[in-house]
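Okay, so here's the structure we're looking at.
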Amino acid sequence: MSTDAQRHAQRNRNTIFVEDGEILSRTEFPGEQYVMRIRAAKCAAAAKAGSFVHLSCDASLPMRRPMSIMRVGDDWFEILFKIVGQGLKLLAQKAPGDRLSVLGPIGKPFTLDPERPRALLIGGGVGIPPMVFLADVLRRDAQFEAAAILGSEIPFPFDLASSSLPFAGAPANIDRSMPLLESWGVPARLTSRQGFPGCYDGFVTDLARRWLDAAGPGSPGQTMIYACGPTPMLKAVAALAADYGVRAEVSLEEYMACAVGGCAGCAVRVKLPDGPAMQRVCVDGPVFDAGIVDWDAHP
């Protein structure tokens, strides 16, 4: 094994756990979306914003499924998922009291930069969970000021709240937010092209551009963008950040087999100072600097 490979292996040693998780709650939302709370104390204690878990959805399926962590408590974590394929269909049928194998937490988390205290969080669809986790972290640190933009082209997996918190750049009639973020005091607005009342009619990057414009010319050096969602959305976020000279981190979504770096099936092309390279989304990510991802090579 090469020195670099040994270093990467040691980095993840004693940080990923296998636990017998217990489902504590399961809430269904329109669009075959589910929020599930799972008790797994070691995983919850070690999780960081951007971490994910690899779950056994059912005893009949040998392959696990990667799931972003949305919230953590003393001994539990929550996930949000939409039924896509047989595995998640079986997971959605589980009920409180059922048990499943949990492997996690896995992955490189988001980084917080005190020199960039203004944070814009952008989540699209099932990319919303890491943004919720990150918002929870940022709201507890007085040196950071966070705002969030969440987008969906199907009904949102939560009841919509009318926000009393101002959001820079948003028209006055755009006032819908996620109740949890509203209760945390994190300004947030929702976007969709489906005509949902109170939501911005457009892409998340359209509203993000308005937010950045409202911040003023001296703001880019103090701003950090964090994003998770479909690849086309992340590519647009990377382009937006480059246009404004803002640093951005993105959490990539990718199919995974082992999720611990062994199979390299989730590798993506990146641009490093010494040339192009392939890095694994599971352990080298899932969080990457948006500026190093080779978006032309990323499907």
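If I filter the stretch 61-113 down to residues being of a type in the set (S, T, N, Q) and over 15 Å from Val35 (Cα atoms), which single residue comes out as modelled with the lowest pLDDT?
From the stretch 61-113, those of a type in the set (S, T, N, Q) are 68, 86, 93, 101, 111; that's our starting set.
Retained after the next criterion (residues that are over 15 Å from Val35 (Cα atoms)): 86, 101, 111.
Values: Gln86: 92, Ser101: 96, Thr111: 96.
Per the criteria, the residue is Gln86.
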Answer yes or no: is there a residue in the stretch 187-205 that is in contact with a Ser or Thr (Cβ under 6 Å, 6 or more places away or on another chain) and in a helix (DSSP H, G or I). yes
Return only the number of the condition from (1) more than 28 Å from Val53 (Cα to Cα); (2) part of a strand (DSSP E or B) that Ala248 does not satisfy. (1)
Out of the residues in the stretch 219-245 meeting the condition of being in a strand (DSSP E or B) and not hydroxyl-bearing (Ser, Thr, Tyr), tell me which one is farthest from Val102 (Cα to Cα). Met224
Can you tell me which residues in the stretch 197-218 are on the phi > 0 side of the Ramachandran plot and modelled with pLDDT under 95? Gly216
One residue is enough: does the stretch 16-31 have a residue meeting the conditions under 17 Å from Met256 (Cβ atoms) and modelled with pLDDT under 95? yes
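The values are calculated or read from the model by the stated rules, or taken from the named source; none is laboratory data. Here the structure is a predicted model, which means the values were calculated and not measured. Cβ: placed from backbone, ideal geometry, glycine included. Neighbour counts: every protein chain shown.
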